[in-house]
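See structure below.
The values are calculated or read from the model by the stated rules, or taken from the named source; none is laboratory data. Small disclaimer: the values here were computed from a predicted structure and weren't measured. When we count neighbours, we look across all protein chains shown, and the Cβ atoms used for this are built from the backbone with ideal geometry, even at glycine. Quick note on the areas: whole protein, heavy atoms, side chains included, nothing else; ligands and nucleic acids left out. Shrake-Rupley method; radii C 1.70, N 1.55, O 1.52, S 1.80 Å.
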Amino acid sequence: ININKEKWEADELLFKAQRDSLTELFNKGNTQSMIEEYINNKESNVSGALFVIDVDNFKAVNDNLGHLAGDKLLKSISSMLSEVFYENSIIGRIGGDEFVVFLKDTNSEEVLYKKADELVSGFRRDFIGETKEFRVSGSIGIAMYPQHGKSFKELFENADKAVYLAKKKGKDMYCLFNEE
């Protein structure tokens, strides 16, 4: 019996269950599960960093250019994230205009700042609209594992606090979580 078709259909269903339908990045539930699985691996000395990325003023894009333009922007951002974090990371879309990236095997703030700078630059290259009238930016919060949290929930909460600090400071920037 040729089971290629059934196998292909099963693989396709699994892909759809694990991915965000618009961006094809991992969906919220799968992203969280993969990060938890990684940080709960007791067999190795695990380190990493969670980036929470929020698109600044995304509502204005949808309101002024329409939802199709907003969808195109989200796809563009997902491509940019995949370029910046092309290896050793888990990339997911967790909400309308919110993304997370978990960078594995790093405890170097220098590496985190380099990646965050690449993200900020990537956002600044993105202009949308027929006359390129809308400039896009992102606010980014970063929390390091295990320093800033020993679970996905703690990491996410602390990275999210750093996002709000970046927004409070004027958006279009990143902040590393600080206990203070």
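What the table shows:
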item: The stretch 51-71: number of residues that are surrounded by fewer than 15 Cβ atoms within 10 Å (Cβ to Cβ) and either part of a helix (DSSP H, G or I) or within 12 Å of the chain's Cα centre (by Cα) (or both); result: 7
item: In the stretch 72-84, residue nearest to V111 (Cα to Cα) [restricted to those that are open to solvent by 30 Å² or more (accessible area, probe 1.4 Å) and touching a strand residue (DSSP E or B) at 6+ places or on another chain (Cβ under 9 Å)]; result: S82
item: Residue pairs meeting the criteria (Cβ under 7 Å; at least 6 apart or on separate chains; first under 19 Å from A159 (Cα atoms), in the stretch 27-51; second open to solvent by 60 Å² or more (accessible area, probe 1.4 Å) and at pLDDT 90 or above); result: S47/D105; G48/D105
item: Members of the stretch 25-50 that are of a type in the set (F, W, Y) and in a helix (DSSP H, G or I); result: Y38
item: Complete set of residues in the stretch 83-97 that are within 9 Å of the chain's Cα centre (by Cα) and not aliphatic (A, V, I, L, M); result: G92, R93
item: Total residues in the stretch 140-180, condition open to solvent by 10 Å² or more (accessible area, probe 1.4 Å), touching a residue at least 24 places away in the same chain (Cβ under 8 Å) and small (G, A, S); result: 1
item: Residues of the stretch 99-122 classified as open to solvent by less than 40 Å² (accessible area, probe 1.4 Å), over 13 Å from S47 (Cα atoms) and either assigned to a helix (DSSP H, G or I) or charged (D, E, K, R) (or both), total; result: 5
item: Filter pass, I39 being open to solvent by less than 100 Å² (accessible area, probe 1.4 Å), within 14 Å of the chain's Cα centre (by Cα) and either at pLDDT 90 or above or among the β-branched types (V, I, T) (or both); result: no
